[in-house]
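Visitor: Here you go, one structure.
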Amino acid sequence: MSQAYAKLPRRIAVVGAGFIGTHVAAGLLRAGVETTVINRSPLSERKHRALRGADIVVADATARELLRSPLMDVDHVVYCASGLMPAESNRDPVTDVGLSLPPLLHVLNLLRGQRGAGLTYLSSGGTVYGDPKADFIDEQHPTEPVTSYGVMKLTGEKYALMHRRLYGIPIRILRCANVYGEDQPVTRSQGAIAVFLDRIMRSEPVPLYGDGSIVRDFVYVGDVVDLILRSVVTAGGPVTLNVGSGEGASLAQVINVIERLAGCRAEIDHRPDRGFDVARVVLDITRARRDFGFTPTLLEDGIRRTLAHSRAAAEAEAP
C-alpha cells in the first residue's frame, strides 16, 4: 500500500458502482480498506469479480431506511452516484432531479448522527462552470452551468456544503474533468475516449460532433482514484478541488493519438455541432498539485493503458 494512503479510515462506503465508483471501490480494497458498495441495481459478474472482498448492497438510495444499516458503521462515504447522462438530463430534467437529489440528501441526513464521518462528493468540472472566462478554470471561477446536468451537480454541491455548515459533516467536493480509462461503458452518451477507442478497434465510424476543435480536459480514472484516497486521508485543505490533467486536447487530437497507438486510421462520422457543447474547458489543478501531491498521467500514457486493457479483454472473450 502506498504511504500516501497509510492513514485511510477503517471502513468506507462507495455509493454508486458505475465506471468511476467501481474503480474507487477497487482502489480502496487494494489499499486494505473495509469497503461497502451501495448500488441501486445488481452488479454485473465482471464488477463482482473486480470488487471481490467488498460488502455489496443493492439498495435504492431514494429509500432512506435501506441505507441506514450499510452506512451505520462507516468512517467516510465517497458519493459517486449520479442521475441521467448530460443529454438525457437536458431532455428530462424532472426525472433527473428525482434520481439525483433524494439519494444524496438521504445519505447526508444519515451522516448527521455519525460523529466524524465525512463525505466526498464527485461533481463535474466540465459542466458546473458553464462558459469559461479563462483558458484555465480554477475553483474560484463563477459557476454558471448551461446544462441541466451541470445544474444538478452544482445543486448537489450546495446541499453537501449546507450540511457541512449546519451539521459539521466533513465534506470534500471534487470537480472532475472528463474521466476515461479501463472498462468505461461505450453505450452511454458520455465518455468520448471510450467511444473513440471502441469504434476504431472495431473498424466502425467514429461519431464526431462539429469539426473536432472542441477542447476538453481528459483525466485518467486511476488519477481520480489516487486523488480521492489522498484527499480522504488529508485533514483540512481546500473543500472544493478541481480534478483534471491541467492540459487541454481537442477531440481531433484525441482521435489522432488513438490512431497512432492503435496503428490504424479512423473513419469519421461527421455530425452537426450540438448546441450545449462549450468550446473549451480546461481545469486549473494547482490546488490538487500543491495540497495533495497530485501528479496526473499524460494523455497518451493513459490512452495506451486503456487500449492495452481493451485489447486484453477482447482476446479473453474471443472464442
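None of the figures in this text is laboratory data; all of them are computed from the coordinates on show. Computed from a predicted structure; not experimentally measured. Reconstructed Cβ throughout: ideal geometry from the backbone, glycine too, with neighbour counts over all protein chains shown.
Visitor: Assign unit charges at the C-beta atoms only (+1 for Lys and Arg, -1 for Asp and Glu), then state the dipole size of the chain relative to its Cα centre in Debye, rounded to the nearest 20.
Guide: 980
Visitor: Could you tell me which of Tyr121, Pro93, Gly302 has its Cα farthest along the dipole of the chain towards the positive end, charges placed at Cβ (Lys, Arg +1; Asp, Glu -1), taken about the Cα centre?
Guide: Most positive-ward Cα: Tyr121.
Visitor: Based on the Kirkwood radius over alpha-carbon pairs, what value in µm²/s does the Stokes-Einstein equation return for the translational diffusion coefficient of the stretch 42-182 at 37 °C and 0.692 mPa s?
Guide: The diffusion coefficient I find is 200 µm²/s.
Visitor: Continuing with this model, one more query. What is the projected area of the convex hull of the Cα atoms of the chain, averaged over all directions, in nm²?
Guide: Answer in nm², one decimal: 15.9.
Visitor: Let me ask something additional. For Ala17, what residues show an amide H to amide H distance below 5 Å, using hydrogens built from the backbone and excluding near sequence neighbours?
Guide: Arg40
Visitor: Right, another one. Round to the nearest 10 and give me the degree value, 0 to 90, for the angle of helix 299-317's Cα axis relative to the longest principal axis of the chain.
Guide: In the chain, helix 299-317 runs at an angle near 90 degrees to the longest axis.
Visitor: Tell me which trypsin sites (Lys or Arg not before Pro) from the stretch 161-232 have a DSSP coil assignment and no more than 15 other beta carbons within 10 Å of their own.
Guide: Arg202
Visitor: Any aspartates and glutamates with Cα under 17 Å of the Lys7 Cα? List them, leaving off those in the same chain fewer than 8 positions away.
Guide: Within reach: Glu34, Asp75, Asp226, Asp291.
Visitor: Can I ask one more? Report the full-extension gain for the segment Glu65 to Ala308: residue separation times 0.36 nm, less the Cα-Cα distance, to one decimal in nm.
Guide: Full extension of this stretch gives 83.2 nm more.
Visitor: Please report, in whole Å, how far the alpha carbons of the stretch 208-300 spread along each principal axis, starting with the longest.
Guide: Cα spread of the stretch 208-300 along its principal axes, largest to smallest: 48, 33, 16 Å.
Visitor: Here is a further query. Only sites in a loop by DSSP and with at most 14 other Cβ atoms within 10 Å count here; which trypsin sites (Lys or Arg not before Pro) in the stretch 1-98 make the cut?
Guide: Sparse-neighbourhood loop trypsin sites (Lys or Arg not before Pro): Lys7, Arg10, Arg52.
Visitor: Using each residue's phi in the stretch 115-124, evaluate 6.51 cos²θ - 1.76 cosθ + 1.60 at θ = phi - 60° and report the 3J(HN,Hα) Karplus result to the nearest Hz, with x for Gly and Pro.
Guide: With the stated coefficients, the stretch 115-124 comes to 4, x, 6, x, 9, 9, 10, 8, 9, 10 Hz.
Visitor: Hey, another quick one. Test of understanding: in a Gaussian network model of the chain with alpha carbons linked when under 10 Å, which of Gly16, Gly98, Gly246 would top the mean-square fluctuation ranking?
Guide: Gly98
Visitor: Could you state the angle between the C-alpha long axis of helix 251-262 and the longest principal axis of the C-alpha atoms of the chain, as a value from 0 to 90 degrees rounded to the nearest 10?
Guide: Result, in degrees: 80.
Visitor: Sorted from fewest to most neighbouring beta carbons within 10 Å, what does the list Ser245, Ser44 look like?
Guide: Ascending Cβ contact count within 10 Å gives the list Ser44, Ser245.
Visitor: Between the stretch 249-313 and the stretch 107-140, how many Å separate their Cα centres?
Guide: Comparing the Cα centres of the stretch 249-313 and the stretch 107-140, I get a distance of 23 Å.
Visitor: Got a sec? Which residues in the stretch 95-124 would a label at Met72 touch, if it sits 7 Å along Cα→Cβ and we count backbone N under 14 Å?
Guide: Residues 114 fall inside that zone.
Visitor: Roughly how far apart, in whole Å, are the Cα centres of the stretch 1-75 and the stretch 156-211?
Guide: Answer, in whole Å: 19.
Visitor: Skipping prolines and chain starts, which residues have an amide H placed within reach, meaning under 5 Å, of the one on Ser124, given they are 5 or more residues away or on another chain?
Guide: HN-HN under 5 Å from Ser124: Cys176.
Visitor: Using amide H atoms built 1.01 Å from N in the peptide plane, name the residues 5+ places from Arg280, or on other chains, whose amide H lies under 5 Å from its own.
Guide: Placed amide hydrogens put Val215 under 5 Å from Arg280.
Visitor: Lysines near Lys153 by alpha-carbon distance under 23 Å, same-chain residues fewer than 8 away left out - which ones?
Guide: Lys133
Visitor: Could you pull out which residues in the stretch 76-108 have an amide N less than 12 Å from a spot 7 Å beyond the Cα of Tyr167, following the Cα-Cβ vector?
Guide: 104-108
Visitor: If you take the beta carbon distance between Asp211 and Arg265 as r and set R0 to 25 Å, what does 1/(1 + (r/R0)^6) give as a FRET efficiency, to the nearest 0.05?
Guide: Given R0 = 25 Å and the Cβ-Cβ separation, E is 0.85.
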